[in-house]
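The structure appears below as structure tokens.
No lab work stands behind these numbers, since they all come straight from the coordinates. Given the structure is predicted, the values throughout are model-derived calculations rather than measurements. Note that each Cβ is placed from the backbone with ideal geometry, even for glycine, and that neighbours are counted across all protein chains shown.
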Amino acid sequence: MNVYDSARMADVLAPLGYVPASDADDADMVILNTCHIREKAAEKVFSELGRLRPLKQAKAAAGGSMILAVAGCVAQAEGEELLARAPYVDIVLGPQTYHNLPEMVARAERSRGRGILATDFPAEAKFDHLPEATASGPSAFLSIQEGCDKFCTFCVVPYTRGAEYSRPAAAVLAEARRLVDQGVREITLLGQNVNAYHGAASDGGTWGLGRLLRALAEIPGLERLRYTTSHPRDVDDELVAAHRDVPQLMPFLHLPVQAGSDRILAAMNRRHTADDYRRTVERLRSTRPDLALSSDFIVGFPGESDRDFDATMALVREIGFIQTYSFKYSPRPGTPASVMERQVPEAVKSERLAALQELLNEQTAAFNAACVGRVMSVLLDRQGRHAGQLLGRSPYMQPVHVAAAAACLGEVVALRIVEALPNSLAAELASARDREAERACA
Ligand code: 5AD
Ligand code: SF4
């Protein structure tokens, strides 16, 4: 989401003459787009600011100026404190206000030294005031939904991103068509709780994510669709059916479960049990047997016992995940879990995280190894580090590299996987026969 927001900030600032700089050293403006989800991410902001301060001073000493802005969820959550702690920051802006950046920049140029704070949730929808998105390659993000009403007890998102909001379907389709016109072949739909999407449709009704995916799949030239991040509670029948019927929808889904113990899931206010999750996965896999899953996990949530943790390990063994993100619980100010009793000691969290990650890494490695010899369609979206090498993503989001002509850049190509490396797959162009076989399977 922050990658998407950063790109949109660049779009907003382009008419003022700003273009992205390769580094901060001589930039006229530096925007830190920040994350508040865990303490570690939030603390990073202050160390980055400390690094940028001398650059700003050097620029001023040389007769120039540098506008320093902090955007994103740390700005939203800690705006005033941030300005007090780093008074040399010119602009502090929350995620719902960046469409007003040009006006803030003009004010910052006039106000000389007095920091500007923009952390209200404005009444008007940000998306109505943004310029058209510009693509920066064959794969693009498209934000369709923001905010969250779920209020998991560990999470800051409902406070920093605000209440759930879905963009109208027509606006999403128009942005997708423009991206495809610019050469985009793959779109990843974004939202904090993307499958809670319920956008107003031109037929007067409301579309869910399943309906939206079907409409997007009709755009000629749009070859791949993905969406992230989804909530197990919001996997409805229409979405399950889309996984069966929409060939552009990739067979890979990030569906965070967080934990495997019902007691902990209830304390987290996740609104689903471990069995609910199992059933949801079964429904999805019964319509799309090749669907691979990814998840987020939190270990050491307050009150988590060894038995609770064992339930997480058991669920992981049972479901099998191919890529995952796992974290130690990090108490966040203002969230219910941060003041719960029986906080888990750091050493226990570390031990559980290590055990979980060992199991998850084994599953990832086993899946990658099983891919060797398979022919997969890969969207080649970047030049590799070596001459004549292109990089791309498999349908399962695995990074793949191949020696291929530059003309293949931006294309979906059939590749045979020849080796599973620790962080990527090595591939070669599949033979004409393989390509035919792949087409026959599609
Ligand atoms: N501590 C640890 N991890 C967290 N996440 C969200 N809040 C916290 C927290 N307080 C994780 C969840 C979520 C992912 C984006 O970040 O697993 O799915
Ligand atoms: Fe946070 Fe996701 Fe829970 Fe919403 S559903 S509160 S974004 S963890």
### Query
Given charges of +1 on the Cβ of Lys and Arg and -1 on the Cβ of Asp and Glu, with all other atoms neutral, how large is the dipole of the chain about its Cα centre, in debye to the nearest 20?
280 debye
#### Entry: Within a Gaussian network of the chain (alpha carbon springs, distance under 10 Å), most fluctuating of GLU78, GLU318, GLU411
GLU318
### For peptides 19-28, 359-368, 158-167, sequence by mean Cβ density within 10 Å, most packed first
158-167, 359-368, 19-28
### Query
If you project the alpha carbons of the chain onto their three principal axes, what span does each projection cover, largest first, in Å?
65, 57, 51
### Message
Quick check on the chain: helices-only [θ] at 222 nm, where DSSP H runs of length 4 and up contribute -39,500 (n - 2.57) each and the sum goes over total residues. Nearest 500, please.
### Response
-11500 deg cm²/dmol
### Query
What net charge do the residues around PHE252 carry, taking every other residue with its C-beta under 13 Å from that of PHE252, with Lys and Arg at +1 and Asp and Glu at -1?
+3
### Query
segment 19-117: which trypsin sites (Lys or Arg not before Pro) are DSSP loop and have at most 10 other beta-carbon atoms within 10 angstrom?
ARG112
### Message
Please report the antiparallel percentage of the DSSP beta bridges confined to the chain, to the nearest 5.
### Response
40 percent
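What number, in percent, do you get for the relative contact order of segment 97-253 if the mean sequence gap of Cα pairs under 8 Å and at least 6 apart is divided by its residue count?
Answer for segment 97-253 is 20 percent.
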### Message
So if I take the centroid of the Cα atoms in segment 88-132 and the same for segment 11-55, what is the distance between those two points in Å?
### Response
15 Å
#### Entry: Residue order, fewest to most beta carbons within 10 Å, for TYR325, TYR396
TYR325, TYR396
### Message
Using Cα-Cα distances under 8 Å and only pairs 6 or more residues apart, what relative contact order does the chain have, in percent?
### Response
10 percent
## Note on the structure
The simple spin-label model distance between ALA21 and ASP128, using points 7 Å out along Cα→Cβ, in nm, is 3.5 nm
#### Entry: Cα-projected label distance for LYS40 with GLU358, points at 7 Å along beta-carbon direction, nm
1.9 nm
### Message
Give the residue list of GluC sites (Glu not before Pro) in segment 186-288 that are DSSP loop and have at most 10 other beta-carbon atoms within 10 angstrom.
### Response
GLU218
### Query
Quick one: Cα centre-to-centre distance for segment 259-332 and segment 337-411, in angstrom?
19 Å
#### Entry: Neighbourhood charge, 13 Å Cβ-Cβ cut-off, centred on ARG307 and excluding it, Lys, Arg +1 and Asp, Glu -1
-3
### Query
Which peptide among 188-195, 239-246 comes first, and what is the full order, when sorted by highest mean count of other Cβ atoms within 10 Å?
188-195, 239-246
### Query
By the scheme Lys and Arg +1, Asp and Glu -1, what is the net charge of all other residues having a beta-carbon under 12 Å from that of LEU16?
-4
### Task
Using the Karplus curve 6.51 cos²θ - 1.76 cosθ + 1.60 with θ = phi - 60°, work out ³J(HN,Hα) for each residue of segment 19-31 in order, rounded to whole Hz, and write x for Gly and Pro.
10, x, 9, 6, 8, 7, 3, 10, 6, 7, 8, 10, 10
